[in-house]
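As structure tokens, the structure follows; a few thoughts come after it.
The values are calculated or read from the model by the stated rules, or taken from the named source; none is laboratory data. If you're wondering where the values come from, they're calculated on a predicted model, not measured in any experiment. Every residue, glycine among them, receives a Cβ derived from its backbone with ideal geometry; neighbour counts consider all protein chains shown.
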Amino acid sequence: MSKQQPPPTIYRLNVTLKETEPAIWRRILVPSNITLHRLHLILQEIMGWTNSHLYRFEVGAKEYGESDPDNDFNELDFINSKRAKLVQLVTAKGNTFVYEYDFGDGWTHDLVVEDILEPVPGAIYPICLEGERACPPEDCGGPHGYSRLLGIIVNPEHEEYRETLTWLGGDFRPSLFSVEKVNRYLKPILPH
């Protein structure tokens with residue numbers, strides 16, 4: 001007779017997108033036994049990215065990610081993120097690690113383990129608890145390009161105003177963030 005394993009602990013993570021002012025951040029609860037690849041998918045949803053680019057996690061001196069099919073010269077030699085579990089790499093409250101998305105734009109996120117909790121019976125994880133500000137648009141040029149974009153969209157006299165608004169689909173509200181909307185799109189992690 002096999003003994004049933006206890007449920008995983010829950011990590012409360014603070015995720016902050018670096019080099020943005022005012023800060024773009026999220027606070028989430030995730031099961032500790034997820035893979036880094038699954039955490040990548042969660043981060044895509046909570047931040048508002050579209051999962052259109054490569055990513056990597058930096059935990060200590062090691063880098064985790066997916067292999068790139070176009071990586072002919074083995075420039076991106078990552079440890080497989082689909083085999084690396086969060087709980088094996090980030091083990092204590094206060095631990096920090098880095099998530100980078102889109103190596104061209106260089107969107108770097110600092111992640112901090114704020115707390116390690118017991119799961120609440122009946123709760124479904126992951127859950128986004130709170131956050132501030134909209135995710136920058138994909139392919140806008142990283143933090144510097146995003147700052148420039150913000151300057152353009154508040155100035156109807158700017159020569160690139162109309163072109164930029166068209167590229168943005170007609171509207172972009174940088175202060176807008178909805179935790180309810182994020183949680184509707186998060187996919188629950190079901191027990192094995």
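Annotations for the structure displayed:
- All of Arg56, Arg83, Arg148 fail the test of being among the basic types (Lys, Arg) and part of a strand (DSSP E or B), apart from Arg56.
- Residue tally, condition of a type in the set (Ser, Thr, Tyr), free of Cβ contacts under 8 Å to residues at least 40 places away in the same chain and part of a loop (DSSP other than H, G, I, E, B), over the stretch 159-192: 1
- For the stretch 82-99, taking the residues that are among the hydroxyl-bearing types (Ser, Thr, Tyr) and either modelled with pLDDT of 95 or more or under 19 Å from Thr16 (Cα atoms) (or both), the one that is surrounded by the most Cβ atoms within 10 Å (Cβ to Cβ) is identified as Tyr99.
- Flag for Leu165 being surrounded by 13 or more Cβ atoms within 10 Å (Cβ to Cβ), of a type in the set (A, V, I, L, M) and closer than 25 Å to His53 by Cα: yes
- Applying the condition of being touching a His at 6+ places or on another chain (Cβ under 9 Å) and outside any loop (DSSP other than H, G, I, E, B) to the stretch 12-23 and asking which residue is nearest to Leu149 (Cα to Cα) yields Leu17.
- Meets criteria (in a strand (DSSP E or B), within 18 Å of Ile46 (Cα to Cα) and under 17 Å from the mean Cα position of the chain (by Cα)) for Cys128: yes
- Cβ pairs under 7 Å, 6+ apart, first in the stretch 86-104 and under 18 Å from Glu45 (Cα atoms), second among the acidic types (Asp, Glu) and assigned to a strand (DSSP E or B): Val98/Glu58; Val98/Asp110
- Pro156 meets all of the listed conditions (1) free of Cβ contacts under 8 Å to residues at least 24 places away in the same chain; (2) surrounded by 11 or more Cβ atoms within 10 Å (Cβ to Cβ); (3) assigned to a loop (DSSP other than H, G, I, E, B) but one, namely (2).
- When Pro126 is tested against (1) in contact with a helix residue (DSSP H, G or I) (Cβ under 6 Å, 6 or more places away or on another chain); (2) modelled with pLDDT under 95, only condition (2) is not met.
For every residue, the table says whether it meets (1) modelled with pLDDT of 95 or more; (2) closer than 14 Å to Ile28 by Cα; (3) within 23 Å of the chain's Cα centre (by Cα).
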residue	(1), (2), (3)
Trp107	yes, no, yes
Pro121	no, no, no
Gly141	no, no, yes
Leu149	no, no, yes
Ile153	no, no, no
Pro156	no, no, no
Arg162	no, no, no
Trp167	no, no, no
